[in-house]
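In what follows, a single structure is set out as structure tokens and then discussed.
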Amino acid sequence: MTATLRIPVQESLLEILKGLGSLETVTAAALRRYALDRCLQRIEQAERQIAFYERRYESDYNTFNRRICTDQAFLDLVNRDHPMWEADAIEWAYRIEEAQAWRERLERILRESWPSLAPG
Amino acid sequence: MAGTIGEDFARIVALARARLTQVEITEELDPDRAILAIRGQFGDYRVFMKETISPRGRRYAFYVLEGDRVVLGLDNHADRQALRLKYGRDFAAHLSELIPHRHAPDKAAVELTGEWTAERFLTDIETLVAEL
């Protein structure tokens, strides 16, 4: 499915783009590249945050959450050492969902643009 | 959706600036998700708030602190005590649920609550602190 985009572009940039091939092809490629770069950037940012919380709590989120919910001794320990752990945990879960959402967007771009490169 | 979350966050931030001092805000807004963190001071107490909104729901954690000591906590992240209060022996079947609850000073006790919003927390902070 395609849509038409009408946007003002600096004339000098337009001249350069014209020299690189058909405007339609070059612009579509540039948009794809931009979207891919931003998806990767957002995935990396989210994963840096996830890694930060994994280091802080020496655990992945699923294990941490399971222990917080089932192991009173672990909960007492975390409450003692990190009394505001809930604020960390909600962001931790949020970053995991965020990374997954951007991964799905990235895969969609790959699937629709270069089907042979898309995972799965 | 982004417009609505953005407007909600703008209202919360304005209220935080009106109710707290030394306010620091961190926020990220995407079309389908958002995160907001607020640090500030209410009299002698420090206040820390974090809220996330995503397709999986709204999660929050709001604290009043005396130094580094939590004197009041309101959040909806499940933990063993909140789960047991809500579900008794069947609590293990509900580990991924959001359970609104309140922590007493030093997190020495937990009680279940209704859902708290950032706006309500900021509006009621004087009363919450007076009850400590």
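Report yes if B:ARG102 is farther than 19 Å from B:GLU51 by Cα and either without any contact (Cβ under 8 Å) to a residue 40 or more places away in the chain or among the hydrophobic types (A, V, I, L, M, F, W, C) (or both), otherwise no. When the stated conditions are applied, B:ARG102 does not pass them. Is it fair to say B:ARG11 is surrounded by 16 or more Cβ atoms within 10 Å (Cβ to Cβ) and not in a loop (DSSP other than H, G, I, E, B)? Judged against the criteria, B:ARG11 is not a match. Quick check on my filter: what residues within the stretch B:71-97 are hydrophobic (A, V, I, L, M, F, W, C), at the interface with chain A (Cβ under 7 Å from one of its Cβ atoms), crowded, with 21+ Cβ neighbours inside 10 Å and not in a helix (DSSP H, G or I)? The one that is hydrophobic (A, V, I, L, M, F, W, C), at the interface with chain A (Cβ under 7 Å from one of its Cβ atoms), crowded, with 21+ Cβ neighbours inside 10 Å and not in a helix (DSSP H, G or I): B:ALA78. One residue stands out among those in the stretch B:58-70 that are more than 9 Å from every other protein chain (Cβ to nearest Cβ) and at pLDDT 95 or above: the one that is surrounded by the most Cβ atoms within 10 Å (Cβ to Cβ), which is B:VAL64. Of all residues in the stretch A:66-82, those satisfying the criterion of being within 7 Å of another protein chain (Cβ to nearest Cβ) and crowded, with 18+ Cβ neighbours inside 10 Å are A:ILE68, A:CYS69, A:LEU75, A:ASN79.
Residues of the stretch A:39-62 include at least one that is loosely packed, with under 13 Cβ neighbours inside 10 Å, more than 23 Å from B:GLN81 (Cβ to Cβ) and among the basic types (Lys, Arg).
The values are calculated or read from the model by the stated rules, or taken from the named source; none is laboratory data. In this text, all values refer to a predicted model and were calculated from it rather than measured experimentally. Heads up, the Cβs are rebuilt from the backbone with ideal geometry, glycines too, and the neighbour counts pull from every protein chain shown.
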